[in-house]
């Protein structure tokens, strides 16, 4: 879709009542499910890889269909965020256990929020600027510059800032030293060179060590957070108690242990409500490329 076409459709869709707009994106998701065997297979591969016989085919099919819908709804949320006020956002998104964030802010602690691609992840990032204070969100560069500009305008609408992940560590260090807040997705595919090995659903995979490094070396507080919904209309961001950092003489071991705690937290979240995770992503292609081959 060309950029001007995107803006044209955005204008049309934002003129619709929200239920009709959501219905349109749900219909798109249904169409995408039917015509995308490649991505249906990716979802099944990921589910088989993590759950195997723990989950029956009926549930896997239901999760596959929901994955397409959830992706389309996140696209819709990006569009809606560009036109929302904070008051309108609060009518759609609430927060739970916010006191852990409030305590960190009162103590003037630098914060690293860790979160996955889960449910309405675009709303999750926006909630930091609405309910807490603006954060710096790490993102992956897109090939389409115009679409990237559109996406970032949505993510920065309430005051968050976005930084591209390439050579980002120096920028994050500066933010931590200034007692700022950072948001990092911990569930993206990452190279073995850049990642740290953790156990996840009984598999050895690589995960970003950046939150652990910033916490162990510079005192940043790691606060896990996810967003979920019961009706795909109203959402709740859940903040978890901070993951505490150990300071022993074994710095490398401390960072590894801290990273494992994050992986275990994410596994627990996914096991509880698996349908919300972004199963359309080839998360394990670096560590287990063979599972995605025909």
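The values are calculated or read from the model by the stated rules, or taken from the named source; none is laboratory data. If you're wondering where the values come from, they're calculated on a predicted model, not measured in any experiment. Every residue, glycine among them, receives a Cβ derived from its backbone with ideal geometry; neighbour counts consider all protein chains shown.
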Notebook entry, point to check: Can you pull out the helices (runs of 4 or more DSSP H) entirely within the stretch 1-59 that have at least 2 residues that are more than 27 Å from residue 286 (Cβ to Cβ) and at pLDDT below 95?
Noted result: 3-14
Checklist line | Some residue of the stretch 79-86 being without any contact (Cβ under 8 Å) to a residue 60 or more places away in the chain, surrounded by fewer than 18 Cβ atoms within 10 Å (Cβ to Cβ) and part of a helix (DSSP H, G or I) | finding: no
Notebook entry, point to check: Is at least one residue of the stretch 94-115 assigned to a helix (DSSP H, G or I), farther than 27 Å from residue 175 by Cα and at pLDDT 95 or above?
Noted result: no
Notebook entry, point to check: Scanning for something within 22 Å of residue 159 (Cα to Cα) and out of contact with any strand residue (DSSP E or B) (no Cβ under 9 Å at 6 or more places or on another chain), does the stretch 58-69 turn up at least one residue?
Noted result: no
Item checked: Filtered residue count, the stretch 223-278, keeping only those that are in a loop (DSSP other than H, G, I, E, B) and touching a helix residue (DSSP H, G or I) at 6+ places or on another chain (Cβ under 8 Å) -> 11
Next item on the list: For the stretch 175-222, please list each of the strands (runs of 3 or more DSSP E) lying entirely inside it that holds at least 3 residues being within 13 Å of residue 262 (Cβ to Cβ).
Entry: 196-200, 203-207
Note to self: If I go through the stretch 149-174 residue by residue, how many of them are surrounded by fewer than 20 Cβ atoms within 10 Å (Cβ to Cβ), in a loop (DSSP other than H, G, I, E, B) and in contact with a strand residue (DSSP E or B) (Cβ under 9 Å, 6 or more places away or on another chain)?
What the structure shows: 3
Notebook entry, point to check: What tally of residues in the stretch 139-167 results from selecting those that are free of Cβ contacts under 8 Å to residues at least 60 places away in the same chain and within 13 Å of the chain's Cα centre (by Cα)?
Noted result: 2
